[in-house]
1. What trypsin sites (Lys or Arg not before Pro) in segment A:125-176 are in a loop by DSSP, with at most 11 other Cβ atoms within 10 Å of the Cβ?
2. Mind pulling the angle between the C-alpha long axis of helix A:3-31 and the longest principal axis of chain A? Nearest 10 degrees, somewhere in 0 to 90.
3. Taking chain A as the reference, fit the longest principal axis to its C-alpha atoms, fit the long axis of helix A:139-160 to the helix C-alpha atoms, and give the angle between the two in degrees, 0 to 90, nearest 10.
4. So how tilted is helix A:106-129 from the main axis of chain A? Cα-based, degrees 0 to 90, rounded to 10.
5. Return the distance in nm (one decimal) between the two label points of a simple spin-label model at B:Ser358 and A:Lys230, each offset 7 Å from Cα along Cα→Cβ.
6. Given the options A:Met174, A:Met42, A:Met105, which has the most mean-square fluctuation in a GNM of chain A, springs set between C-alpha atoms less than 10 angstrom apart?
7. Give the order of A:Leu107, B:Leu103, B:Leu442, B:Leu184 when sorted by the count of other beta carbons within 10 angstrom, beginning with the fewest.
8. Taking the alpha-carbon centroid of each part, what is the distance from segment B:1-80 to segment A:134-207 in angstrom?
Amino acid sequence: MTLFSVLFILLCYSLTFLSVGLFIYRIHGYANTPVPLKIPTMPAPRTEGGVVLRMAGEVLLFTSLFRANKWTWIGGYIFHVCLAVVLFRHLRYFLTPVPGLVSLMALAGIVAGIGLVVSAVYLFVRRLAVDRTAYFSTLSDYFALALTGLIGLTGLFMKFVVRTDVTSAKAFVMGLVTFHPVPVPPDPTLVVHLLLVLLLMVYLPMSKLLHVGGIFFSPTRNQIDDSREKRHVNEVEA
Amino acid sequence: MAKIKTEPLTGKIRVPSIEPGATAHYRANPAKPEHNEALGFPGEKIANWEVKAIEKMGEILDTNRAFRVYMDICVRCGACADKCHYFLGTKDPNNMPVARQELIRKVYRRYFTIGGKYFPEQADACDLTEDVLDEWYNYFHQCSQCRRCSVYCPYGIDTAEVSMVARDIMDSIGVGQKYCNEILGKVLNEGNNLGLAKNALANTLEFFEEDVEEETGVAVKYPMDMKGADVLLIPPSADFFSSPHVDGFIGYGKVFHEAGVSWTVSSYASEFANFGMFIGDNETMKKVAMRIREAALELGVKRIVVGECGHAWRVAYSFWNTLIGPFDFLDPKYKTPTHMCEFTLDLINRGAIKIDKSANDDLVVTFHDSCNVARGSGMGNKPGGQFDVPRDVIKAVCNNFVEMDEETIREVTFCCGGGGGLLTDELLDLRVKGASPRAEALHDVMERKGVNTMAMICAICKAQFTKVLPNYGIGMDMVASVHQLVSNAVVLGGKKGV
């Protein structure tokens with residue numbers, strides 16, 4: 001194995017470890033911070049089942065964002081759905097044999113890949129085009145979109161321009177997953193693609209991208225409206 | 001007093017182009033040392049304030065999950081950007097909820113995140129400097145904590161929580177706001193925000209009794225400190241003397257009279273309002289609320305009913321049980337606290353009081369949902385009861401009721417522009433501009449439906465609208481208490497009670 005392969009493999013392991021570790025650390029921090037008072041945004045559900053539905057609406061349909069701004073919702077929703085489909089489709093690199101549903105989604109995966117890049121560009125331009133969003137957007141907002149967009153672009157490049165050898169790509173990933181690493185396939189685009197993914201993974205738990213886990217800890221959305229019936233005590237200290 | 005320049009009303013709410021710095025100079029008067037010290041805060045800005053402020057922020061991050069999560073997860077999508085009445089009214093981009101939050105978030109990033117510590121420029125992080133503190137003071141006193149932004153946020157991020165934390169941090173280093181802190185001193189010493197002494201209160205109640213008897217020929221009682229009464233009524237103290245608040249208070253008395261329910265106010269706890277919430281200090285909020293528990297125990301009442309006050313209803317409905325509960329010494333048949341609207345509606349539904357709706361036939365009424373009631377509390381047994389219960393009361397006592405535009409009522413109602421501890425003269429410009437979305441929606445129904453009365457259940461809303469609506473050419477007689485409408489329509493001697 002070449003020195004490059006060794007270093008790259010070490011990087012894959014260490015950054016994945018760092019990303020997962022940081023993510024767990026941050027979420028653990030949220031879970032262990034007390035909630036002193038009942039602050040659901042009213043009207044709020046009166047039952048636990050109601051809260052599950054409210055949260056499901058936010059996570060799966062972006063209900064509040066839909067209410068706020070249809071233009072942002074359409075871009076954001078397409079972006080996230082495409083991201084989910086692309087991630088799901090990538091299971092084919094991690095599982096042998098490839099599950100039926102993942103195999104069936106070949107076309108969906110391609111459409112989603114294109115959708116991901118297009119919606120990232122749309123969201124990027126949106127930030128610049130509206131005076132309000134341009135005022136409060138920060139470098140990290142543009143960075144996150146650019147990074148995700150580039151990951152999508154390099155992926156599409158390997159599909160449509162210079163096709164990568166899918167079999168050896170899978171062999172490499174499976175090697176990592178089973179802790180029997182094999183050398184990195186000699187495709188620069190693939191290497192760049194993987195490096196960008198690692199960067200995104202590490203960036204996630206130390207940035208606003210943590211909203212993926214943080215939303216579940218938002219008291220205004222996950223609390224039940226029962227303060228008169230049931231005395232709320234600070235659940236962590238209690 | 002000079003009239004504040006306003007745009008002519010069109011009945012439409014428009015999203016303005018931004019004008020950076022438009023209200024950067026709006027500054028609430030700072031608290032005097034005695035105001036701060038009365039609440040246990042340093043009298044003046046302490047020497048090592050930068051260090052202490054960051055320490056305080058760290059403490060809050062460890063004890064308030066909402067703040068901790070909200071500092072991290074905002075993606076600056078802008079869902080909230082055009083939802084704040086102060087942004088719509090002032091055009092200052094720092095009044096966009098996301099930008100207001102960024103004022104504190106950029107400091108959070110500097111001291112509490114990896115990116116901000118090592119790459120402050122790239123991470124948009126900055127030190128807590130004198131200028132930044134000034135920005136905090138000015139713009140976190142341009143948020144009325146109405147939570148409208150939190151309805152639209154995909155993560156429920158609540159700028160009210162963030163502004164409470166900012167004020168809490170500033171108080172902890174001796175940078176308090178006069179209006180809130182002075183009033184909190186009064187309620188802790190005198191039992192009410194106005195500093196009304198016991199004998200003044202007794203005189204006022206006596207005056208109400210004489211007044212109602214003169215007008216109606218019926219001896220309606222307005223009792224104070226009556227031990228063994230069934231109900232302890234806690235009104236906002238504005239109900240004792242402000243207009244149109246008093247008309248609502250007179251209505252409460254008539255309802256109790258007709259229901260045959262014995263009730264009393266307490267001179268020890270004669271204030272429902274609790275500005276402890278506005279300054280984000282749970283200890284102060286608890287102290288203020290504790291007087292009510294003590295009064296209820298002392299007077300031996302069976303239940304607590306509260307008057308028309310928005311933020312106080314949020315504190316009571318959502319926080320009392322945690323702060324001053326459990327209420328196992330009260331009759332478990334009743335919800336604690338009970339809102340006066342719940343109490344009245346129940347009587348009406350049971351036919352326990354007689355109503356003559358025609359008494360309000362000269363009025364075409366609309367209802368302004370007060371922000372803290374709408375988004376911070378509930379009423380009745382169903383979600384959304386806070387919208388339906390007061391409306392049902394109004395519809396039971398008035399023949400002519402119409403709604404304002406649906407984008408301005410119920411859970412997306414616009415704040416009156418004077419809540420959150422901003423009901424102070426030096427912020428009048430801000431208050432007038434912040435009222436513009438509501439003024440537009442009101443103007444629309446005045447033109448189309450002939451509305452001549454806007455009813456509401458919040459002491460701050462009433463005081464704010466009577467002051468600012470004239471700037472839009474709308475008379476202060478537009479503003480009414482819900483229980484003032486009840487007062488007009490309840491037939492005294494019509495039923496013999498429960």
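Just so you know, all these numbers are worked out from the coordinates, no wet-lab data involved. All values reported here derive from a predicted model rather than from experimental measurement. We place every Cβ from the backbone using ideal geometry, glycine too, and count neighbours over all the protein chains shown.
1. Loop-located and lightly packed - A:Arg163.
2. 10 degrees
3. Orientation of helix A:139-160: about 40 degrees from the principal axis.
4. 60 degrees
5. The answer from the label model is 5.0 nm.
6. Largest GNM mean-square fluctuation: A:Met42.
7. The order, fewest Cβ neighbours first, is A:Leu107, B:Leu103, B:Leu442, B:Leu184.
8. 41 Å
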